[in-house]
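Trainee: If you scroll down you'll find the structure; I have some questions about it.
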Amino acid sequence: MKLKFIHSSLFYKILFVLSLAVLIFISSVTYKHIKNLSSSTNSVIHSYKISLELEQLISYLKDAETGIRGYVITRDSTFLTPYNGSREKINNSFITLKKLTLDNKVQHDNLNMLYVLMNKKFDNFNYTLEHNVSFEYNHEKKFDKNFILGKVIMDSIRKQIDIMTSLEKNNLKIRNENYSYQTYLTPIFVITIIFLTLALMILSYIKI
């Protein structure tokens, strides 16, 4: 009888240890899965943030260019309002994009190239304002030359932003696929954990 009690007690201890080990294993796997899902979500959001910030940046530049053109045509300084605040807004966008691309050397290098082009564009703006280039100087070709240079720079900026946006679209596609895979696995994983836990509880109840 005593031997039977010892065996029974040992069995319960083994069962307890096994149950504890299974619960720890399930907890660790659950944590890892939730972490992967969270990482996938953050990656998707990260790509969207970069794409949106690039769109915002080119929007600021277009507003500035429209303002400069309006001023050149009308000589009305109120048209310069978008231009006057554009540099600060663009710099803030660059600060945000620099932080967002720290983990991606290719995009970080692309951003540096874009910054160089932006500086050239603002040099072009400043030349227009400082030298009073307007339609009055067409016979000296000053306006045409400056206008064409501005267009070339703007086209280069658009091309550079298209390159960065295209890369983010590819990244987003991969991240969306990973996110979809993680979200697909989540309900299956949760149901499996529930059944394993129930099975463990039922087994423990029957044995006890």
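Trainee: When both residues are 6+ apart or on different chains and their Cβ atoms are under 8 Å apart, which pairs have a first residue that lies in the range 77-102 and is over 18 Å from Leu54 (Cβ atoms) and in contact (Cβ under 8 Å) with a residue 24 or more places away in the chain, and a second that is open to solvent by 60 Å² or more (accessible area, probe 1.4 Å) and assigned to a helix (DSSP H, G or I)?
Mentor: Short answer, once both residue conditions are applied: Tyr83/Asp63.
Trainee: Which residues, taken from the range 46-55, are open to solvent by less than 80 Å² (accessible area, probe 1.4 Å), modelled with pLDDT of 90 or more and not aliphatic (A, V, I, L, M)?
Mentor: The answer is Glu53, and nothing else.
Trainee: Let me ask something else. May I ask you to list the residues in the range 65-75 that are within 24 Å of Asp162 (Cβ to Cβ) and buried (at least 18 other Cβ atoms within 10 Å of the Cβ)?
Mentor: Glu65, Gly67, Ile68
Here is a yes/no grid of residues against (1) under 14 Å from Leu61 (Cβ atoms); (2) modelled with pLDDT of 85 or more; (3) in contact with a strand residue (DSSP E or B) (Cβ under 7 Å, 6 or more places away or on another chain); (4) open to solvent by 90 Å² or more (accessible area, probe 1.4 Å):
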| site | (1), (2), (3), (4) |
| --- | --- |
| Lys121 | yes, yes, no, no |
| Asn124 | yes, yes, no, no |
| Asn132 | no, no, no, no |
| Phe135 | no, no, no, yes |
| His139 | no, no, no, yes |
| Asn146 | no, no, no, no |
| Gly150 | yes, yes, no, no |
| Met154 | yes, yes, no, no |
| Arg158 | yes, yes, no, yes |
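Trainee: Separate question: Failed condition for Asp103, given (1) at pLDDT below 90; (2) open to solvent by 30 Å² or more (accessible area, probe 1.4 Å); (3) in a helix (DSSP H, G or I), with all others met?
Mentor: (3)
Trainee: Within the range 76-99, take every residue that is aliphatic (A, V, I, L, M) and under 15 Å from Ile161 (Cα atoms) and give me the one that is surrounded by the most Cβ atoms within 10 Å (Cβ to Cβ).
Mentor: Only one residue fits best here, namely Leu97.
Trainee: In this structure, is Lys62 open to solvent by 60 Å² or more (accessible area, probe 1.4 Å) and either at pLDDT 90 or above or at positive phi (or both)?
Mentor: Values: open to solvent by 60 Å² or more (accessible area, probe 1.4 Å): yes; either at pLDDT 90 or above or at positive phi (or both): yes.
It is true that Lys62 is open to solvent by 60 Å² or more (accessible area, probe 1.4 Å) and either at pLDDT 90 or above or at positive phi (or both).
Trainee: Take Gln182 and decide whether it is out of contact with any Phe, Trp or Tyr (no Cβ under 9 Å at 6 or more places or on another chain), modelled with pLDDT under 70 and among the polar types (S, T, N, Q).
Mentor: When the stated conditions are applied, Gln182 passes them.
The values are calculated or read from the model by the stated rules, or taken from the named source; none is laboratory data. Computed from a predicted structure; not experimentally measured. Positions of Cβ are generated from backbone atoms using ideal geometry, with glycine treated the same way; all protein chains shown enter the neighbour counts. With ligands, DNA and RNA removed, areas are computed over all heavy atoms of the protein, side chains included. Shrake-Rupley method; radii C 1.70, N 1.55, O 1.52, S 1.80 Å.
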